[in-house]
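Chemist: Here's a structure for you.
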Amino acid sequence: MNMKEHILMALKEQFNLLEELLGMMSIEQINAPHLPSHWSTKDEIAHLWAWQQRSIARLQAAGLGRAPEYPVWLPGLDPDAEGGVERANDWIYESQREKPWANVHAEWRAGFLRFLELGEPILEKDLLDGDRYPWLAGYPLANVYLASYDHHQEHLDGLLVWLAHHGK
């Protein structure tokens with residue numbers, strides 16, 4: 001198995017695990033706030049979806065041979081600026097918190113599957129070459145996948161801890 005296949009397989013396994021856990025949860029559990037945070041599982045999945053849109057933009061750009069066109073968030077909000085991640089996370093929470101779970105889940109699910117699909121046609125050498133995409137400032141495109149994996153894992157770990165204490 002090459003590195004590209006390994007990365008995509010790990011993400012598929014992570015997706016399947018999240019889908020399994022989310023499918024076992026009641027709507028009450030999905031919407032319950034996790035202490036000490038006030039975010040629910042629904043809020044965390046909406047958060048993952050929003051950041052996923054930036055990753056998808058990077059992969060689409062790679063496939064089209066151009067710089068990414070990021071989704072429009074709060075005007076003037078630069079997630080890459082100092083303090084930008086916190087501001088972005090606050091904006092994501094406020095802009096997504098009223099969405100029903102079915103919509104949040106469907107958007108995240110479709111986005112994750114699209115994210116995986118976009119990696120299929122990318123050659124492994126292009127995925128691993130830090131000089132291939134100048135807008136990644138020396139990082140290989142594989143880092144987009146690895147960062148998404150790490151981000152999802154961070155929230156998955158928190159969900160597993162929460163479920164251990166609040167699951168049925």
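Chemist: Rounded to the nearest 20 Debye, what is the dipole magnitude of the chain about its Cα centre when Lys and Arg each give +1 and Asp and Glu each give -1 at the C-beta?
Modeler: Once rounded to the nearest 20, the dipole reads 300 debye.
Chemist: Taking 0.36 nm per intervening residue step and subtracting the Cα-Cα distance, what contour gain separates TRP91 from LEU113 on full extension? The partial results should precede the final answer.
Modeler: Numbers: separation 22, 0.36 × 22 = 7.92 nm, distance 2.44 nm.
That pair, TRP91 and LEU113, stretches by 5.5 nm at full extension.
Chemist: Give the average over all directions of the projected area of the C-alpha convex hull of region 116-168, one decimal, in nm².
Modeler: On the way: hull surface 19.5 nm².
Mean projected area for region 116-168: 4.9 nm², to one decimal.
Chemist: If you project the alpha carbons of the chain onto the principal axes, what extent comes out on each, in Å, largest first?
Modeler: 47, 42, 24
Chemist: Set the bar at 30 Å for Cα to Cα. Now go through LYS99/LYS125; LYS42/LYS125; LYS12/LYS125 and name every pair that lies beyond it.
Modeler: Distance filter (> 30 Å) returns LYS99/LYS125; LYS42/LYS125.
Chemist: I would also like to ask the following. Taking region 10-109 on its own, what percent of its Cα-Cα pair distances exceed 17 Å?
Modeler: I get 59 percent for the Cα pairs in region 10-109 exceeding 17 Å.
Chemist: Which aspartates and glutamates, on any chain, are close to LYS4 with Cα under 15 Å apart, when same-chain ones fewer than 8 places away are left out?
Modeler: GLU13, GLU117, GLU120, GLU124, ASP126, ASP129
Chemist: For the chain, return all DSSP H helices satisfying: extent of Cα atoms along own axis at least 30 Å; mean Kyte-Doolittle hydropathy at least -1.0.
Modeler: Helix filter hits for the chain: 3-24, 41-64, 142-166.
Chemist: Ok, one more. When each pair of different Cα atoms in region 68-142 is counted once in the 1/r mean, what is the Kirkwood radius in angstroms, to one decimal?
Modeler: Hydrodynamic radius (Kirkwood, Cα pairs) of region 68-142 is 15.0 Å.
Chemist: For region 141-158 and region 43-63, write down the distance between their C-alpha centroids in whole Å.
Modeler: 11
Laboratory data are not the source of any read-out in this text; all were calculated from the coordinates shown. Computed from a predicted model, the values in this text were never measured in an experiment. Backbone-built Cβ (ideal geometry, glycine too); neighbour counts: all protein chains shown.
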